[in-house]
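Just so you know, all these numbers are worked out from the coordinates, no wet-lab data involved. None of these values were measured; they are calculated from a predicted model. In this analysis, Cβ positions are derived from the backbone assuming ideal geometry, glycine residues included, and neighbour counts consider all displayed protein chains.
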Protein chains: 2
Amino acid sequence: MSSQPVPADLQRRLRKVCSSCSLLELCLPMGLEREDVEQLDELVTPQGPLRAGEHLYRVGDDFKALYAVRSGYLKTYIIDSAGREQVLGFHLPGELVGLDAIYPARHQCNAVALDTATVCRMPYEQLADLAAKIPSLQRQMFRLLSKDIHIGQILSGDFTAEERVSSFLLGMSTRLRQRGYSATHFRLAMPRRDIANYLRLATETVSRVFKRFQDEGLIEVERREVQLLDVPGLQRLCRAVPD
Amino acid sequence: MSSQPVPADLQRRLRKVCSSCSLLELCLPMGLEREDVEQLDELVTPQGPLRAGEHLYRVGDDFKALYAVRSGYLKTYIIDSAGREQVLGFHLPGELVGLDAIYPARHQCNAVALDTATVCRMPYEQLADLAAKIPSLQRQMFRLLSKDIHIGQILSGDFTAEERVSSFLLGMSTRLRQRGYSATHFRLAMPRRDIANYLRLATETVSRVFKRFQDEGLIEVERREVQLLDVPGLQRLCRAVPD
DNA sequence: CGCTGTCTTGAGTACGATCAAGTACGGTGG
DNA sequence: CCACCGTACTTGATCGTACTCAAGACAGCG
């Protein structure tokens, strides 16, 4: 929880958090009018950086705010009653976390930085009040919540290991392209263990499927460096990709 | 899609859809002030009945409205690209369906009646406009969306057959109790095939786990008639129950 | 250089799926 | 009322995918 005090001379610049952000078109303010974004600026505060392994919030924490990833990667996960970790998602810049905490006003999962990461803090009550005044912001919030429901539905499907791995790779590819990065050549921010856990597979299985995909000429993979060689081929293997 | 024209003499009574509904404290109006519920009455229209097997909406349909189950059971499901059905949920009176369609403004799943069912139709745009005027309604909508995210997260977990079946039974039990029915003796509205599919298991596996639970004295099951004999025992078996 | 953690590879196993009968129920018509 | 049928459910036998256990390869780092 590193919410360091912000030097006064930065305050003016920080007021423009959203207006001047490169993620404007991907993040919460997507599709908002200029003047509406400026109202958002008033309540959004940058926070961090979190170092790799540092938590943004934990299960049971009071829910006060939503967070948008500004840079780096976050991972959300829960520990089930048998003590096993279940990764819920990886979150890229421009994506919101904490939406699942609105219902019981208490965080339902843990959010941790996979590498050095910064976030934008958006106090929920203020945000909801603002949403009541700005119809397009309210609609956008409903959309974002709705989207996460859909992602959960897809993840919960009954898929084979190959279907899971290919849709993971294609999902990462799509999200990276949206952020201006290469859709075919990227570096995974998370260890195999986290990928496996997210896909509800064993680490060894992910390793083996990567190998098989490589042998079949679908991808080129070297530790965390991945290259997609045959996107249509991967698409044929997977049953559903969110977004 | 049976939205029969409503006789004029019913119109006045129908205006009170929510205010006079026994599900008031479970459904969307939960926690709203009397006068706010009356505003909801203005836009909610009862619809149906749907007969068993009749669809409320299908994948790809334009998203115009959310629906609350009024009586009976609904099932939501998708058909994946390999042509296999994946049950997403069973919906009891007082529960909302269609929330996943807000994001792309198009239905993402199919909703079908498991038995004779009636619903309340709530046009989304009007509802969202009203939510901007009634803060408690807006918060309630955010909560309901958030809750569905959490349910999806739990369903997507990596669980054994016994964990899945026990949490299904306990989940049904909880939801039935909330609706004033017995929490320990109930009749399943859906065939084994649907339960199995929902839990990502084979029909035969569900049948076998039911048998095992019965042999262990946890439940008494006869076709669709279920009796929970040892709730703490079931709780020990399951890793997570939504709500 | 050796230590540590990550990742890969191999061998054996187990859980749940699939295949295959067989049974019981509920509806229909005689 | 019963005979018939179709569907749902159960039970048994076999199979296969992915897990577990185990060991080894490789990279990063003190």
(request) Return the single residue from B:Q126, B:Q153, B:Q47 with maximal mean-square fluctuation; model: Gaussian network over chain B, springs between Cα atoms under 10 Å. (result) B:Q153
(message) Just to confirm the numbers: B:A105, label point 7 angstrom along the Cα-Cβ line, distances to the other copies in nm, shortest first?
(response) 3.5
(request) Pairs of Cα atoms under 8 Å, at least six residues apart: use those to get the relative contact order of the range B:53-203, whole percent. (result) 26 percent
(request) Run through the other copies and list how far each one's label point is from that of A:Q214, in nm with one decimal, shortest first; the point sits 7 Å from Cα along Cα-Cβ. (result) 5.1
(message) Mean-square fluctuation check for chain B, GNM, Cα pairs under 10 Å: which of B:S207, B:S136, B:S146 is largest?
(response) B:S146
(request) Express the relative contact order of the range A:161-237 as a whole percentage, based on alpha carbon pairs under 8 Å and six or more residues apart in sequence. (result) 36 percent
(message) Give me the tail of P(r) for the protein assembly as shown as a percent: Cα-Cα pairs with distance above 41 Å.
(response) 21 percent
(request) Could you run the Karplus curve 6.51 cos²θ - 1.76 cosθ + 1.60 with θ = phi - 60° over the range A:147-155 and give me ³J(HN,Hα) per residue in whole Hz, x for Gly and Pro? (result) 4, 5, 5, 5, 4, x, 4, 5, 4
(request) Search the structure for amide H atoms under 5 Å from the amide H of A:A52, placed 1.01 Å from N in the peptide plane, and list their residues when 5 or more places away or on another chain. (result) A:T116
(request) Please find the FRET efficiency linking A:I79 to B:D129, where r is the Cβ-Cβ separation and R0 is fixed at 41 Å, and quote it to the nearest 0.05. (result) 0.50
(request) Using every Cα-Cα pair within chain B, state what percent have a distance larger than 25 Å. (result) 45 percent
(message) Per residue of the range B:159-171, what does 6.51 cos²θ - 1.76 cosθ + 1.60 with θ = phi - 60° give for ³J(HN,Hα)? Whole Hz please, x for Gly and Pro, Karplus curve as stated.
(response) 10, 7, 4, 5, 4, 5, 5, 5, 6, 5, 4, 5, x
(request) Taking amide H positions as placed in the peptide plane 1.01 Å from N, state which residues far from B:V17 in sequence (5 or more) or on other chains have amide H under 5 Å from it. (result) none
(request) Quick one: which residues, 5 or more positions from B:L88 or on another chain, have an amide H under 5 Å from its amide H? H modelled 1.01 Å from N in the peptide plane, none for Pro or chain starts. (result) B:T76, B:Y77, B:I78
(request) In whole Hz, with x marking every Gly and Pro, tabulate ³J(HN,Hα) for the range A:24-40 from phi via Karplus 6.51 cos²θ - 1.76 cosθ + 1.60, θ = phi - 60°. (result) 2, 8, 10, 8, 3, x, 3, x, 7, 5, 3, 5, 6, 4, 5, 6, 5
(message) As a quick test, which of the pairs A:K16/A:K75; B:K16/B:K133; A:K75/B:K64; A:K16/A:K133; A:K133/B:K75 have an alpha carbon distance above 31 angstrom in this structure?
(response) A:K75/B:K64; A:K133/B:K75
(request) Loop sites only, by DSSP: take the GluC sites (Glu not before Pro) in chain A that have at most 16 other C-beta atoms within 10 Å and name the longest stretch containing none of them. (result) A:55-215
(request) Ignore the peptide's own chain and count Cβ atoms of other chains within 10 Å of each Cβ in B:155-161; give me the average, rounded. (result) 6
(request) Determine one quarter of the surface area of the Cα convex hull of the range B:49-125, which equals its mean projected area, and express it in nm² to one decimal. (result) 4.7 nm²
(request) Return the whole-Å distance between the Cα centroid of the range B:182-229 and the Cα centroid of the range A:15-39. (result) 51 Å
(request) Check each of the chymotrypsin sites (Phe, Trp or Tyr not before Pro) in the range A:126-191 and keep only those in coil by DSSP with at most 15 other C-beta atoms within 10 angstrom; list them in order. (result) A:Y181
(request) Within 10 Å of each Cβ in peptide B:139-145, how many partner chain Cβ atoms are there on average? Round it to a whole number, please. (result) 6
(request) Quick one, can you get me the convex hull of the C-alpha atoms of the range B:161-237 expressed as volume per residue in Å³? (result) 76 Å³
(request) Over the whole of A:95-105, what's the average partner chain Cβ count within 10 Å per residue? Rounded to a whole number, please. (result) 4
(message) Ordered shortest first, which distances in nm separate the 7 Å Cα→C-beta label point of B:S81 from those of the other copies?
(response) 3.7
(request) State the residue of chain A whose Cβ is nearest the axis carrying A onto B, and the distance in whole angstrom. (result) A:G152, 1
